[in-house]
Amino acid sequence: MDFTLDEEQEALRDAVRGLLKGYDPAVDAERRRHVTGEDPGFDEGLWGRLAEMGVLGLPFAEADGGMDAGPVEVAVVCEEIGRVLAPEPYVASVVLAGGLVAALGSDEQRAELLGGLASGERLLAYAEGEVAEPVVQGARADTIVWNVGGEVLVGPRPDGVTAYRTHDGGRAARLELDRGAVTPLGAGGDATDVVALVKAQAQIAACHEALGAMDTALRMTTAYLTTRKQFGVTLNRFQALTFRAADLYTALELTRSIVTWATLVAAESDDPVAVRHAAARAKLQTARAGRLIGQEAIQLHGGIGMTAEYAVGHYASRLTALNHWLGDAREQVALLSAGLTDHTVLDPLDA
Amino acid sequence: MRLRLTEEEAAFREEMRAFFTTEIPQHVRDTVATGHHVGKDDYVETMRVMNAAGLAVPNWPVEWGGRDWTPLQRHIWHEEMQLACVPPPLAFNANMVGPVIANFGSQEQKERFLPPTANLDIWWAQGFSEPNAGSDLASLTTRAVRDGDDWIVNGQKTWTTLGQHADWIFCLARTDPEAERKQQGISFLLFPMDSPGVTLRPIELIDGSFEVNEVFFDDVRVPGDLLVGEVNQGWSYAKFLLGNERVGVAPVGATKRALARLKEIAQESGALDDELTAARFVELENELLALELTALRVVAHSSDGKPHPASSVLKLKGTELQQAVSELAVDLAGPLSLASGSDTVPEWAALSAPTYLNLRKASIYGGSNEIQRQIIAGTILGL
């Protein structure tokens, strides 16, 4: 049992962190506001540099233009994205839509779609249902991967779709399926179990994005408490405030433990049900901690936390978005309730 | 990164599981499983079985019965013990005074005290807290004054857990009242509970139990060779001891077991069919899993033997969850929880409210949870 990154994984983290540094809202608060203020809501130049670094093809087979990396490497990237609140649709496009193509697509589909995704030339989006909303980057994506009741289809973005802005600065759209314009992904037919597994992998990746965001929100908050003065002293002199920060740290560390564990289950387990349950556990804990940390980060900042020009409120917004995307806490509780009597005690080392 | 245990680690876990589930007397494990207080004889019998197998004091130096285990092995030992409903080695002996004597005591003190401490031939009491020195332990006022080679001790200790069973007490006393800082001028003394001048008064707790005591010292004479380490250096030994206390204080395995038992009860009674009740179990299991994994992260990264700062997180969250499970038991019992004196309602229901009340102590002892928040805010977050 080992929860530390190896040297290559650390190098990947440092490279992604270095690339994203200029986009850190703590370094340049206006840059993110400017990028998210205009369509498509993310920086296509940065997307291209992520492609050059191999990040967009990270989880895919080398034969499909990818890097053949696993859930841990994906986690490393997502956490860095979350840390600086990068609006690039990595989880939606690469992990989820790309993940479905990788799992189900024919040789030709994988070569074409994943090759284009990895090189940054083709953006993928994931749509659920015949009328799907909100589809993250549904108006910008070149290719839509549809999940219609467990049947997975693929086709070009329908015409005449317009994007709207989501509260966290992203873009989404409403898409309607045109059966005449899509083809089955791979052999076609019911792929419910594969979809559930890929979604679980995307949930875990989204949890890592949230971990990065929570970490920054807490850092910003503790930094603020040690500099902001009221009543002639810095705020960290008030125990009522520092104790709340301690509770945020506790929530973050517990979440980090369970999300990291879920990543390792996804990396090592052959049992798709175990991976789905681990993802549900990570998603539930992340939802609880994300809400707490988002709320408290604003409250401990006071009025400045409410302003659009200060970053901390955007962290709360993004954490809220991540909580409700790919299944909220209620959904995870329902799934886990159904399996409650399958075990006497949970054994994390035997998942 | 790797989740699975290595083959050696997995074999170690099997070995521990087999030992705890087959070698510890069943009547002791039943007492723990049903949520009853463990009596003195059961503690002694269990610790002697463990000591005979070399499993009572693995955290001690090897020459005094310790095992050269990795932090993960020690964690597995501790978890398997709790899951098997085995009362842990007496903390005052195994986690507190034993390591202090082994690290700071004289050779003579080690030879005299460590073997009977490991075997629970001596039952130790902790003489730390005083009526006016709780979380602010360093403000203690019990005095020890030189008289020739001896020390004369006067003062009062309180919250002395299971002191009614104790043969000896380890005690912090002020030996230099003129010291500049209150942390200076404190010494660490050992003496028998039946020394002339020692009086013990039991304190009844809100659940009707007698776990803690007041201990009064009236001109108690302590030979000079029963002072551990150096005069006036007791605070540093106490801090060493309290760091050890905090590590074992997150009862992950025991809380998991308590929750599993409640789940079984709720399943049998049909209570688990209620979605709200099932959701509480799900949330608690999830938080406990997160806590257990955090404990695993901490043990994996504390190689130098010093407590990881995140051990405060374990104490804080571990006791909160322990209390939350006891709350769930009271809620499942519902009106039957009032029938604590009944022998006709199910035993778990009759015990639920006393247990719930008793466990309020968990967020107070071992460094109150407010002290843990202070440590997290100060040493980890820099606030």
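Summary table
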quantity	calculated
Percentage of interatomic Cα-Cα distances in chain A larger than 29 Å	39 percent
Chain B - charge dipole about Cα centre, Lys and Arg +1 at Cβ, Asp and Glu -1, debye rounded to 20	820 debye
The stretch B:124-232 - Rg (one decimal) and Dmax (whole number), Cα, Å	13.6, 46
Ratio Rg/Rh [Cα only; Rh per Kirkwood] for the stretch A:192-350	1.06
√(5λ) per eigenvalue of the Cα gyration tensor, the stretch B:249-380, largest first, Å	31, 17, 11
Convex hull projection area averaged over all views, the stretch B:1-74, Cα basis, nm²	6.4 nm²
Accessible area in the full protein assembly, largest first, 1.4 Å probe, for B:Asp150, B:Asp218	B:Asp218, B:Asp150
Cβ-based charge dipole, the stretch A:7-184, positive-most Cα from A:His167, A:Gly57, A:Gly22	A:His167
Mean separation of Cα contacts under 8 Å (6+ apart) over length of the stretch A:192-350, as relative contact order %	29 percent
Mean residue ellipticity (222 nm) of the protein assembly as shown, computed from DSSP H runs ≥ 4 via -39,500 (n - 2.57), nearest 500	-15500 deg cm²/dmol
Taking the stretch A:7-184 and dividing mean pair separation by its residue count, relative contact order in percent (alpha carbons under 8 Å, at least six apart)	19 percent
Straight-distance crosslink candidates among lysines, where the alpha carbon sits under 30 Å from B:Lys239 and sequence neighbours closer than 8 are dropped	B:Lys40, B:Lys110, B:Lys157, B:Lys182, B:Lys256, B:Lys306, B:Lys315, B:Lys317, B:Lys361
Sorted largest first, extent of the stretch B:61-172 alpha carbons per principal axis (Å)	45, 31, 24
Surface accessible to a 1.4 Å probe, A:Met306 within the full protein complex, Å²	150 Å²
Hypothetical label at A:Thr344: residues of the stretch B:262-301 whose amide nitrogen lies under 13 Å (7 Å Cα-Cβ projection)	B:262-265
Förster radius 60 Å - calculated FRET efficiency between A:Gln230 and B:Asp194 (Cβ-Cβ, nearest 0.05)	0.55
Rounded accessible area of A:Lys229 (nearest 10 Å², 1.4 Å probe)	120 Å²
Over chain B, relative contact order from alpha-carbon pairs under 8 Å, at least 6 apart, %	13 percent
Debye, to nearest 20: dipole size of the protein assembly as shown, +1 on Lys, Arg Cβ, -1 on Asp, Glu Cβ	2180 debye
The protein assembly as shown: proportion of alpha-carbon pairs further apart than 51 angstrom, %	22 percent
Area accessible to solvent at A:Trp325, 1.4 Å probe radius, in Å²	60 Å²
Longest exposed-site-free window of chain B, the sites being GluC sites (Glu not before Pro) in a DSSP loop that have at most 10 other C-beta atoms within 10 Å	B:205-383
Along chain A, longest interval not containing exposed GluC sites (Glu not before Pro), exposed being DSSP loop plus at most 13 other Cβ atoms within 10 Å	A:131-308
Inverse mean reciprocal Cα-Cα distance (Kirkwood Rh) of the stretch A:28-134, Å	14.4 Å
Accessible heavy-atom area order of A:Tyr23, A:Tyr315, A:Tyr164, highest first, probe of 1.4 Å	A:Tyr164, A:Tyr23, A:Tyr315
Convex hull (Cα only) mean projected area of chain B, reported in nm² to one decimal	20.6 nm²
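The values are calculated or read from the model by the stated rules, or taken from the named source; none is laboratory data. Remember, predicted model here, so these are calculated numbers, not experimental data. Here Cβ is always computed from backbone atoms with ideal geometry, including for glycine, and neighbour counts include all displayed protein chains. Note: accessible area is taken over every heavy atom of the protein model, side chains too, but ligands, DNA and RNA are not part of it. Shrake-Rupley method; radii C 1.70, N 1.55, O 1.52, S 1.80 Å.
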